[in-house]
Structures are given as structure tokens and as C-alpha cells.
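What follows is a single structure, written as C-alpha cells, with notes after it.
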Amino acid sequence: MDSGRGAPHAELRTSPGCWALYTRVMATEYADPGRWPIHGLTLDAYTAQHAGDGSRAAVAKVGVHLVALSLVVERDLPLDRAARIRSAAADRLAGGFTWLEPPA
């Protein structure tokens, strides 16, 4: 990904170019109500790929999104239930996640 211009996300490991592309994808999803159901999946996938700096906040953020992504992809959780799962995981599990070394 081109390094681009501008600031990356404060907690996630992103290049400015990748962050700019992601925000364009988000704008497209928000602008079209037909795409709203997949918005959470986009958010989960992007966050899981940009693991952050290993701080407690970054680890919790990635953990919550990996839980939701896993349940949707591996257990066929309906997309409309994933938002509640993210919220519950953030409330109940955030302190229990550990850092996973990102794949090369």
C-alpha cells in the first residue's frame, strides 16, 4: 500500500494511504443503506489486519473484532447480531485478551 498522505489511525498500525482507502470504503458503506449490513464485517476485517502497537487498548480492540469476525465467518452468526456481540465482548472480555503476534 502506498504510504499516502495524512495521519494514520492513532491506535492501529496503518499507513496513511491504507487509512485513507479504508475511510473511503466506510463513506461508501454509510452512503448506501443497502451496504449497512456488511459494515461491521468490513470494520472487523480491517481492524484484525491492523493489530496496533500491543497496548492494552489495541489488544482489546483487535480481540473484540476477531471474536465478531470468527462468529460470523466460522459459526454463521447473522450480521445483524454481530454488533451486539461486539458490544458484549467489549464490556465483558476486553481485559482478558492477550497480544497475538501478527503473521508476516
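The values are calculated or read from the model by the stated rules, or taken from the named source; none is laboratory data. All values reported here derive from a predicted model rather than from experimental measurement. So basically every Cβ, Gly included, is an ideal-geometry build from the backbone, and we count neighbours across all protein chains shown.
Here R13 fulfils each of the conditions (1) assigned to a helix (DSSP H, G or I); (2) surrounded by 14 or more Cβ atoms within 10 Å (Cβ to Cβ); (3) basic (K, R) apart from (1). A search for C-beta distances below 7 Å between a residue of the stretch 75-103 that is under 20 Å from A51 (Cα atoms) and any residue that is assigned to a loop (DSSP other than H, G, I, E, B), counting only pairs 6+ apart in sequence or on different chains, returns I85/L77; W99/G54; P102/A51. Scanning the stretch 26-62 for residues that are among the β-branched types (V, I, T) and without any contact (Cβ under 8 Å) to a residue 12 or more places away in the chain gives a single hit, T28. With respect to the conditions (1) of a type outside the set (A, V, I, L, M); (2) over 14 Å from the mean Cα position of the chain (by Cα); (3) modelled with pLDDT of 90 or more, S70 lacks only one, and its number is (2). When restricted to residues that are buried (at least 20 other Cβ atoms within 10 Å of the Cβ), small (G, A, S) and in a helix (DSSP H, G or I), the stretch 52-80 contains 3. When the stretch 81-104 is limited to residues that are out of contact with any Leu (no Cβ under 9 Å at 6 or more places or on another chain) and part of a loop (DSSP other than H, G, I, E, B), the one that is farthest from C18 (Cα to Cα) turns out to be T98.
Every condition in (1) closer than 21 Å to T14 by Cβ; (2) under 14 Å from the mean Cα position of the chain (by Cα) is met by D53 except one, and the failing one is (2).
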